[in-house]
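Engineer: Supplied in structure tokens, the structure appears directly below.
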């Protein structure tokens with residue numbers, strides 16, 4: 001498997017974990033399990049791409065396996081996934097307010 005595919009896999013998995021954790025923590029901003037998973041995966045990839053613009057050494061493991069780059073990918077993907085899931089949940093909440101019981 002090429003380094004780029006491994007990078008993408010790490011970003012998606014970390015984003016899914018971050019998105020799911022954010023949805024489980026903030027019940028008012030959740031999109032449900034599937035929504036948090038999808039938003040987290042997208043946010044994980046986008047988060048690491050943004051991290052690559054700020055700190056290129058932390059965002060790419062292509063070519064060789066570097067512990068610092070792997071940690072950067074996992075943290076960037078997890079944080080990006082969590083932020084994207086929260087923003088998507090807040091957007092949904094603003095468009096369709098929750099019903100009060």
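Laboratory data are not the source of any read-out in this text; all were calculated from the coordinates shown. As the structure is a computational prediction, the values presented were derived from the model and not from experiment. When we count neighbours, we look across all protein chains shown, and the Cβ atoms used for this are built from the backbone with ideal geometry, even at glycine.
Engineer: With the contact rule set at Cα under 8 Å and sequence spacing of 6 or more, what percent relative contact order holds for the range 32-92?
Structural biologist: Values: 66 pairs, mean separation 27.8, N = 61.
Relative CO of the range 32-92 lands at 46 percent.
Engineer: Please give the contour-minus-distance gain from residue 49 to residue 8: 0.36 nm per residue of separation, less the Cα-Cα distance, rounded to one decimal in nm. Intermediate values should be presented prior to the final figure.
Structural biologist: Details: separation 41, 0.36 × 41 = 14.76 nm, distance 1.02 nm.
Full extension from residue 49 to residue 8 adds 13.7 nm.
Engineer: Consider the candidate values [x] 17.4, 58; [y] 14.7, 55; [z] 13.0, 42; state which one is Rg and Dmax of the Cα atoms in Å computed from the structure displayed.
Structural biologist: Structure-derived value, by its label: [y].
Engineer: Using only Cα atoms and rounding to the nearest 10 degrees, what angle (0 to 90) does helix 32-54 make with the longest principal axis of the chain?
Structural biologist: Taking the Cα atoms of the chain, the angle to 32-54 is about 40 degrees.
Engineer: Give the angle, between 0 and 90 degrees and rounded to the nearest 10, that separates the Cα long axis of helix 67-95 from the longest principal axis of the Cα atoms of the chain.
Structural biologist: 20
Engineer: Pop a pseudo-label 7 angstrom from the Cα along the beta-carbon direction at both residue 71 and residue 21 and give the gap in nm to one decimal.
Structural biologist: Taking the two extended label points, one gets 1.5 nm.
Engineer: Which angle between 0 and 90 degrees, to the nearest 10, do you get for helix 3-25 versus the longest principal axis of the chain when only C-alpha atoms count?
Structural biologist: That works out to roughly 30 degrees.
Engineer: Could you put 92, 99 in order, starting from the residue whose Cβ has the fewest other Cβ atoms within 10 Å? Write down the numbers at each step before the final one.
Structural biologist: Values: 92 17, 99 5.
Fewest-to-most Cβ neighbours within 10 Å comes out as 99, 92.
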